[in-house]
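Have a look at the structure below before the remarks.
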Amino acid sequence: MNLVKLPSTFLLALGWTALAFAAGESVKISSPKDGANVDVSGALVAYEAAPGGNADHAVLTIDGTQTAVLDNLKGKYTLGKLSLGDHTLCVKVVDKGQAATGAEKCIKVTAANPGMWTY
């Protein structure tokens, strides 16, 4: 195997470009709050995504499984029925090929039947 040795200034330049690209993206989930109890029949997710570079749209995942394509970069999405227990909800910025670009926000929620919540 042949290795190519690159000057450190070249590598530094690449690193700064990648850092600047990632800094332009952000994702916020304003509702539900991290750690919230939600109804098993569904919940409203309010989000805002600011893509950068080659980012195209966002996706919503529940427990690692893609649930929705979010074509609007700011909006609300109503989750369908959730199983009882803890879940991780994530909004991720992706490119046209559905590859993650780095910006994401994840929260944890607990799905329960109304009246089962303890405070």
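The values are calculated or read from the model by the stated rules, or taken from the named source; none is laboratory data. For clarity, every value in this text was computed on a predicted model and none was experimentally measured. We place every Cβ from the backbone using ideal geometry, glycine too, and count neighbours over all the protein chains shown. All accessible areas refer to the heavy atoms of the entire protein, side chains included, with ligands and DNA or RNA removed. Shrake-Rupley method; radii C 1.70, N 1.55, O 1.52, S 1.80 Å.
Among residues that are touching a His at 6+ places or on another chain (Cβ under 6 Å) and either in a strand (DSSP E or B) or open to solvent by 70 Å² or more (accessible area, probe 1.4 Å) (or both), Val109 is included.
Pairing residues of region 95-117 that are charged (D, E, K, R) with residues that are not in a loop (DSSP other than H, G, I, E, B), at Cβ distances under 6 Å and at least 6 apart in sequence or on separate chains, gives Asp95/Thr101; Glu104/Val27; Glu104/Cys90; Glu104/Lys92; Lys105/Val27; Lys105/Ile29; Lys105/Val91; Lys108/Thr88.
Residues are listed down the side, and each one gets a yes or a no for (1) open to solvent by less than 70 Å² (accessible area, probe 1.4 Å); (2) modelled with pLDDT under 95; (3) out of contact with any strand residue (DSSP E or B) (no Cβ under 9 Å at 6 or more places or on another chain):
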| residue | (1), (2), (3) |
| --- | --- |
| Ala22 | yes, yes, no |
| Ile29 | yes, no, no |
| Lys33 | no, no, no |
| Ala46 | yes, no, no |
| Pro51 | yes, yes, no |
| Val59 | yes, yes, no |
| Leu70 | yes, yes, no |
| Lys76 | no, no, no |
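Checking Lys81 against (1) open to solvent by 40 Å² or more (accessible area, probe 1.4 Å); (2) out of contact with any Gly (no Cβ under 7 Å at 6 or more places or on another chain), only one condition comes out false. Which one? The one condition Lys81 does not meet is (2). Against the list (1) closer than 15 Å to Val38 by Cα; (2) in contact (Cβ under 8 Å) with a residue 60 or more places away in the chain; (3) not aliphatic (A, V, I, L, M), the condition Gly85 fails is (2).
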